[in-house]
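The values are calculated or read from the model by the stated rules, or taken from the named source; none is laboratory data. Just so it is clear, the structure is predicted and the values come from calculations on it, not from any experiment. Virtual Cβ from ideal backbone geometry, glycine too; neighbours counted across all protein chains shown.
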Amino acid sequence: MTHMRTHIGEKTSEDNQSGKNLRKNFPYSFYKKSHAKGKTPKYVKHEKAFNKFSNLTRQNKTHTQEKLCECTDCWRTFLYQSSLKVHGRSHNGDKHYICKECGKAFSNSSHLIGHGRIHSGEKLYVCKECGKAFIQSTGLKLHIRTHTGEKPYKCKECGKAFTHSSYLTDHTRIHSGKKPYVCMECGKAFTRSTGLILHIRIHTGEKPYE
């Protein structure tokens, strides 16, 4: 008898209870849509409806650029804890993905794939504005900001903005006084790697621009 009611549309006490639970746990706007155009909601598809609601919530978080997980080492932020965990490997030295060509190691497989294109010379990512091509999507993304002027990474101390998170990381050391790049010859320390590279040339006598 209960089975027959599912075909003729008759609601059982179980259906009514399901409906109450659905109204209780889902936003009213989502529940209201199921009644649009006189359609009777099919509570037997709760799991499907819940998955749809979960996907909408996830998409909304992406569209609003809500970022909840922040890296304590470089201030980069991520939508999900899993993404932050993968990123953390770049700081703790956990690199399992090794290039067969040169032996360089990476914290995740996507970085290894992108690196592989350095050896192959393949450039898949092309700027629609100027036609410049890049090996990795991140290279194109950064380049596009030269056209748009976008600087999404802002210093919490002084408000200065940057196009890339690494530039912000280097900049924050001005405020913290941290100098992680140390010359092995004389012990002089620098806030940026470029400062150390330039300094080393004093010891080596290298003059690459002559």
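Being under 30 Å from L112 (Cβ atoms), in contact with a Ser or Thr (Cβ under 8 Å, 6 or more places away or on another chain) and either β-branched (V, I, T) or outside any helix (DSSP H, G or I) (or both) is true for just one of T146, T172. Which residue is that? Outline the logic, then answer.
Working: T172 fails: in contact with a Ser or Thr (Cβ under 8 Å, 6 or more places away or on another chain).
Within the list T146, T172, the selection yields T146.
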Within the stretch 156-171, considering residues that are at pLDDT 90 or above and surrounded by fewer than 17 Cβ atoms within 10 Å (Cβ to Cβ), the one farthest from F78 (Cα to Cα): C158
Residue list for the stretch 107-132, restricted to those being exposed (fewer than 14 other Cβ atoms within 10 Å of the Cβ), of a type in the set (A, V, I, L, M, F, W, C) and not in a loop (DSSP other than H, G, I, E, B): I113, V126
Exclusive hit being out of contact with any Gly (no Cβ under 6 Å at 6 or more places or on another chain), closer than 30 Å to A161 by Cβ and at pLDDT below 85, set G93, G131, G121: G93
The stretch 172-183, residues that are within 30 Å of H143 (Cβ to Cβ) and loosely packed, with under 14 Cβ neighbours inside 10 Å: H175, S176, K178, P180
Some residue of the stretch 184-193 being surrounded by 14 or more Cβ atoms within 10 Å (Cβ to Cβ), touching a Gly at 6+ places or on another chain (Cβ under 8 Å) and assigned to a loop (DSSP other than H, G, I, E, B): no
Matching option when the condition is modelled with pLDDT of 80 or more and in contact with a helix residue (DSSP H, G or I) (Cβ under 6 Å, 6 or more places away or on another chain), among C102, C74, C69: C69
Test set (1) part of a helix (DSSP H, G or I); (2) of a type in the set (K, R); (3) farther than 21 Å from H91 by Cα - K151 fails condition number: (1)
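Do we find that Y209 is of a type in the set (S, T, Y) and assigned to a loop (DSSP other than H, G, I, E, B) in this structure?
Details: of a type in the set (S, T, Y): yes; assigned to a loop (DSSP other than H, G, I, E, B): yes.
Considered against the rule, which asks whether it is of a type in the set (S, T, Y) and assigned to a loop (DSSP other than H, G, I, E, B), Y209 comes out as yes.
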Top-ranked residue in the stretch 176-210 [being of a type in the set (K, R) and farther than 30 Å from K156 by Cβ; ranked as modelled with the lowest pLDDT]: K207
